[in-house]
Amino acid sequence: MPKKSTSNSSRPTALITGASSGIGEALAGCFAAAQHDVILVARSEGKLKTVADNLASKHGVNVTVQPSDLSKPGAAARLLATLSHKHSSVDVLVNCAGVLEQGAFTAIDHAKHQNIIDLNISGLTAMLSAFVPGMVERGRGRVLNVASVAAFQPVPTLASYSASKAYVLSLSESLAEELRGTGVTVTTLCPGITATNMLKQAAGANDKLGQLPEFLVGDVQQVADMAFAATMKGDAICVPGVINQAAMIASRSTPKWLVRRIGGLIGRRSL
C-alpha cells in the first residue's frame, strides 16, 4: 500500500496531475527518485494506487493518492482544501493532466472540444490559482506546466488541442516573468510526439499516426528526465529533442502566413 503523507516529513512535496500514465507517471518517478514526497492526481483511483505502490516501495517516499477530475468546476479548490486539512503544502506543482482530440474540427463533437478547454485550460488555470499563491507566500516553489510543441504553431487536425497548449505556453511564460524574484519558478514543457497512451489512442483513430518514423517519436522517460532537470533549474521553457527544438525556432522566426501554409499542408495529409 502507498505510504501516507505525514506533516513532519523533511522532504519537499511534489503534486503531479495526470499521474496515472504517460509523462505524468514518468515525472512522478523522477521526483520520487529525487526524494520528494509525491501527491498523485488523476481521475482513475485504481491506476493511481498502482503507481503509488510502485513509487513507495522503490523510493521509500510518502505517496498520497488524490483522485480528482480537474475538468470539473471547483475541483482544484477542493483539492487544495483537502491537502490543507491534512497540513500538506506543495513545493512543486506539475500540471500534466490533459486530453487530445485529433481530426477535422467539424468532425469532432462539441462536447469533446469543450472537454479540451475544461481540462487543458480551465483545469490547469484553476490549479495555478489554487496553489501558486501559497508558494509565493512561503517564498519558494516550482511549477511545471506541460504544453506541447504544437503550442508554437497552428496545427490543422489538432486545432482545439494546439490552441489550448498555446494558452498554456503563453500563461506560463507570463507567470515566469511575473513571479521573477519571488522564489517561485515556472517552467513549460513542450514535448513533441511522445510514446504514451495518448498517442496510441490517437493512432487508433488515425492509421497514419501509427506509421510515423521512430525518430519522430520521443521516449517518455527521456522527456520526463529533461523536464525534471529544467524544472529544478528554473528554466522557462523545455523543448526535448533536436527536431522539436528546430521546429520551435523555425515557427518563431518564420512569417505567420508561411507557418500556417506549411501546417495546413501537413495537417491535410494526415486526415
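The values are calculated or read from the model by the stated rules, or taken from the named source; none is laboratory data. In this text the structure is predicted, and so the values were computed from the model without any measurement. Methodologically, a virtual Cβ is constructed for each residue, glycine included, from the backbone with ideal geometry; neighbour enumeration extends over all protein chains shown. Heavy atoms of the whole protein, side chains included, go into the accessibility calculation; ligands, DNA and RNA do not. Shrake-Rupley method; radii C 1.70, N 1.55, O 1.52, S 1.80 Å.
In the set (1) in a helix (DSSP H, G or I); (2) over 21 Å from Tyr167 (Cα atoms); (3) of a type outside the set (Asp, Glu); (4) open to solvent by 50 Å² or more (accessible area, probe 1.4 Å), His87 fails one condition alone, (1).
Here is a yes/no grid of residues against (1) open to solvent by 20 Å² or more (accessible area, probe 1.4 Å); (2) more than 17 Å from the chain's Cα centre (by Cα); (3) over 17 Å from Ala14 (Cα atoms); (4) in contact (Cβ under 8 Å) with a residue 60 or more places away in the chain:
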residue	(1), (2), (3), (4)
Ala56	no, yes, no, no
Asn95	no, no, no, yes
Gly98	yes, no, yes, yes
Gln102	yes, yes, yes, yes
Ile108	yes, yes, yes, no
Ile117	yes, no, yes, no
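Please go through the stretch 133-144 and pick out each residue that is more than 14 Å from the chain's Cα centre (by Cα) and either under 13 Å from Tyr161 (Cα atoms) or open to solvent by less than 30 Å² (accessible area, probe 1.4 Å) (or both). Those that are more than 14 Å from the chain's Cα centre (by Cα) and either under 13 Å from Tyr161 (Cα atoms) or open to solvent by less than 30 Å² (accessible area, probe 1.4 Å) (or both): Gly134, Met135, Gly141. Only residues that are in a loop (DSSP other than H, G, I, E, B) and under 15 Å from Ile16 (Cβ atoms) were counted in the stretch 60-84, giving 4. If the condition is being of a type outside the set (A, V, I, L, M) and more than 20 Å from Ala166 (Cα to Cα), then the stretch 111-132 contributes only Phe131.
When the stretch 19-41 is filtered for residues that are more than 14 Å from His59 (Cβ to Cβ) and open to solvent by 10 Å² or more (accessible area, probe 1.4 Å), the ones remaining, listed by number, are Ser20, Ser21, Gly22, Ile23. Scanning the stretch 138-179 for residues that are touching a helix residue (DSSP H, G or I) at 6+ places or on another chain (Cβ under 8 Å), in a helix (DSSP H, G or I) and of a type in the set (A, V, I, L, M) turns up Val149, Ala150, Ala151, Ala159, Ala166, Val168, Leu169, Leu171, Leu175.
Scanning the stretch 90-131 for residues being in a helix (DSSP H, G or I) and within 15 Å of Val168 (Cα to Cα) gives a total of 14. Which residue is modelled with the highest pLDDT, if the candidates are limited to the stretch 197-243 and must be in a loop (DSSP other than H, G, I, E, B), crowded, with 21+ Cβ neighbours inside 10 Å and not aliphatic (A, V, I, L, M)? Of everything passing the filter in the stretch 197-243, Pro240 is modelled with the highest pLDDT. Residue count for the stretch 16-59 under the criterion of being touching a Gly at 6+ places or on another chain (Cβ under 8 Å), in a strand (DSSP E or B) and within 21 Å of Ala229 (Cα to Cα): the result is 2. Of the residues making up the stretch 180-196, those that are of a type outside the set (Val, Ile, Thr), assigned to a loop (DSSP other than H, G, I, E, B) and touching a strand residue (DSSP E or B) at 6+ places or on another chain (Cβ under 8 Å) are Gly183, Cys190, Pro191, Gly192, Ala195.
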